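Here is the structure we will look at.
The values are calculated or read from the model by the stated rules, or taken from the named source; none is laboratory data. In this text, all values refer to a predicted model and were calculated from it rather than measured experimentally. Here the Cβ positions follow ideal geometry from the backbone for every residue, glycine too, while neighbour counts run over all protein chains shown.
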Amino acid sequence: MNPLEDLLQSRPGEARQLLPLLQLIQAHYRYLPEEALRAVAEKLELPLSRVFAVATFYSALSLRPKGETVVKVCCGTACHLRGSETLIASLEKELGIKLGETTPDGSHTLESVNCLGACALAPVVMVGDETHGNVPAASARHLLGKVK
Ligand code: FES
């Protein structure tokens, strides 16, 4: 069995499994290949349009491959006021990509997110699963160095 078939077999063929299945596929491939969306629609007997709608609604799901490490800079009000834009510029320079892009080697994706719920620690950045608060713009290299 190929990995996609394994993932599909891991869940029952019920419509309520749509999001969990998409999350599993996202975690495995780091994005949702079109072939996978079609296979999910077939397995759950759902219209492809519904699968696509869910796949494009949640920011944690992506139709394009993401990097091994996703760097998420909070751009909520508190973080914006405390320099998130400068931090983004610093990370863009360090990674050699623009916000929303993935490095050519597939190591990093740089994204912005709304409030991460840790406003007292603004500006806040997530590097993979780790949350970092009070991040000065000048620490972009140090921040990335932890995961390189
Ligand atoms: S605004 Fe950034 S954590 Fe709330």
Report task. For the range 72-80, indicate whether the set of residues that are within 13 Å of the chain's Cα centre (by Cα) and basic (Lys, Arg) is non-empty. Result -> yes
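Run down GLU68, GLU35, GLU85 and say which single residue is over 25 Å from LEU110 (Cβ atoms) and either among the acidic types (Asp, Glu) or assigned by TED's automatic domain parsing to the domain that holds VAL127 (or both). Before you say what the answer is, go through the steps one by one.
Numbers: GLU68 fails: over 25 Å from LEU110 (Cβ atoms); GLU85 fails: over 25 Å from LEU110 (Cβ atoms).
Only one candidate passes the filter, namely GLU35.
Does the range 95-109 include one or more residues that are within 15 Å of the ligand (Cβ to nearest atom) and either within 19 Å of LEU61 (Cα to Cα) or in the same structural domain as ALA78 (by TED's automatic domain parsing) (or both)? Spell out how you get there, then give the answer.
Filtering the range 95-109 down to residues within 15 Å of the ligand (Cβ to nearest atom) leaves none.
The answer is no, given that none of the residues of the range 95-109 is within 15 Å of the ligand (Cβ to nearest atom) and either within 19 Å of LEU61 (Cα to Cα) or in the same structural domain as ALA78 (by TED's automatic domain parsing) (or both).
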Report task. Name, by its number, the condition in (1) touching a helix residue (DSSP H, G or I) at 6+ places or on another chain (Cβ under 8 Å); (2) under 30 Å from LEU24 (Cα atoms) that does not hold for ALA140. Result -> (2)
Query raised in the report: Could you say which residue among ARG30, ARG16, ARG64, ARG38 is in contact with an Asp or Glu (Cβ under 9 Å, 6 or more places away or on another chain) and either away from the ligand (no atom under 16 Å from the Cβ) or farther than 23 Å from GLU130 by Cβ (or both)?
Result: ARG30
